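In what follows, a structure is listed as structure tokens, so that the remarks can point back to it.
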Amino acid sequence: MPTKLGCVCTDINLVRLTDNQLVALFTELLGNDQVIAFASLKSHLHDRIVQSLTPDSLPPACVIYPQSIDELSQAIALAYEHRLRVLPCGSATKLDWGGLVNRADVVISTAQLNQVIEHCVGDLTVTVQAGVKYQDLQAILAKEGQFLAIDPPYETDATIGGILATGSAGSLRHRYNSVRDMCLGLEFVRSDGEVVKAGGRVVKNVAGYDLMKLLTGSYGTLGIASTITFRLYPLPEFTQIALVTGEAVAIAQLQQQISKSVLTPTVCDLLSASVITKLGLGEGVGLVVQFSSLKVSVIEQGDRIASLAKALNLQVQIIDEISNFWRSLNNLIWQSELRNSAQSVSNHVVCKLGILPSSSVSLVEQCEKIFSNQECYLQIHAGSGLGLLRVENGQDIDEQLAQVRTIAESQSGFLTILEAPQNLKFNSILSDVWGYRGNARDLMVKIQQQFDPRGLFSPARLF
């Protein structure tokens, strides 16, 4: 295997460093326990990093694990000094999402920055380091009767920094909005190693709010988040799901009726017939309507949904085992156990969709026809029109994905490829993994040049 070289720029000449020299450079700074050579990584992490790079890229020299924000700053400053390309990550659950990175000399992980800095129970805020795991944080907050109203994929291993970097909210966004709406403040490290702060630790402090919006969903291209402050909510007294199934036309009518009613669901998700069948929940297209509030209010609203559904000749199931339902659905869409196994590199494709909410049922029906020869599962948030498409066999489906993208774009929407075989992203006729249109691309190039003029963070990921 050829040896990848990093570069060191001086005033006199250009000095090339081998992988061994790069490992030695960061080991001298942080110590042996915090620098792991790429060849020594666990298989699923090794594979995830490879999947995040273009096929013609050589692997990085090592993965670096700073244990403090000061160490993170020093490591990035050292990379900046030597013009090393950096691939930031947390636990790498979503490292291969979206565009491929065309080269990375080192991977810098925030996984060991895992401290809860401050939980202000009375103010309903929490400040944590980027490496805190989502599931661990929710357990801590639950002891005080509170929760973070974000439900990302891979919740067992996902870190708060990774959730922020990918902007990965779930079904709860119907009631609580997106990750950027939950973020009150953050601290991040620039490409030159400088630590920058924005926002604050209280709900009313909105200083630097636009800067926090920029970092959310930037996929590690603008900086590496080190500390984040979120707003919280009280845990609801009671939660229940009304699952409605039946003919697509009737489901679309029910969806419209709910949107115009005084009902206050925390979740309203459209599920394709293939999902309903696979989970053994009946037949036809499904609508998941979840209510979380006082028990009497939840039951009353569930009864109202049942009444509306009956008038449209739809079937209704009341589900009290909330955790089991969401676990089954998430396992179907994301299959996290398989993803972290020895066979973590598979042929599946997962796409993020955007569509006008009024067109979501039509899109579900069209996708089922387009992918009639593959296993295909869809979940669309009825309020926002954002959704997920999973296709099990991702080989030679470029043309089908292009059809879905065309349909979405005709309805002011988009299709972004999150997870897919490496070659599909690299050689696809879609050409653009993200599906950006208009002036967004030019604007993002300018923003990235301002934050990272040397192009060292996740190079080429967005373009």
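Laboratory data are not the source of any read-out in this text; all were calculated from the coordinates shown. No experiment lies behind these values; they were computed from the predicted model shown. Here the Cβ is made from the backbone with ideal geometry for all residues, glycine too, and neighbour counts use every protein chain on show.
Multiply the residue gap between S328 and R454 by 0.36 nm, knock off their C-alpha separation, and tell me the result in nm, one decimal place.
40.9 nm
Placing unit charges on C-beta atoms (Lys and Arg positive, Asp and Glu negative, everything else neutral), compute the dipole magnitude of the chain about its Cα centre in debye, rounded to 20. All intermediate terms of the calculation are to be shown ahead of the outcome.
Numbers: 36 positive and 44 negative charges, 136 e Å.
In debye, rounded to 20, the chain gives about 660.
Could you sort out which of K94/K143; K295/K352; K133/K352; K278/K352; K42/K352 sit more than 25 Å apart by Cα distance in this structure?
K94/K143; K295/K352; K42/K352
How big is the dipole moment of the range 6-111 about its Cα centre under a simple scheme where the beta carbon of each Lys and Arg is +1, that of each Asp and Glu is -1, and everything else is neutral? Debye, nearest 20, please.
Details: 7 positive and 11 negative charges, 62 e Å.
About 300 debye.
Expected output is a single nm value to one decimal: the length gained when fully extending between K42 and Q422, i.e. 0.36 nm times separation in residues minus the C-alpha distance. What is it?
Computed gain between K42 and Q422 is 134.8 nm.
Provide V262, V196, V23 in ascending order of the number of other Cβ atoms located within 10 Å of each residue's Cβ, fewest first.
So the residues, fewest neighbours to most, are V262, V196, V23.
Could you check the simple spin-label distance between E118 and T54, using points 7 Å along Cα→Cβ, in nm with one decimal?
Result: 4.4 nm between the two label points.
How many angstrom lie between the Cα centre of the range 29-108 and the Cα centre of the range 359-411?
Using only Cα atoms, the two centres lie 33 Å from each other.
Could you work out how much longer the chain between E237 and N177 gets when fully extended? Use 0.36 nm per residue separation minus the Cα distance between them, nm to one decimal.
Residue separation times 0.36 nm, minus the Cα-Cα distance, leaves 19.5 nm.
Can you compute 3J(HN,Hα) from phi for each residue in the range 323-335, using the Karplus curve 6.51 cos²θ - 1.76 cosθ + 1.60 with θ = phi - 60°, rounded to whole Hz and x for Gly and Pro?
Coupling constants for the range 323-335: 4, 5, 4, 5, 5, 5, 5, 5, 5, 6, 6, 10, 6 Hz.
Could you work out how far apart the two model spin labels at E247 and F463 are, taking each label as a point 7 Å from the Cα in the direction of the beta carbon, and quote it in nm?
According to this spin-label approximation, the distance is 5.2 nm.
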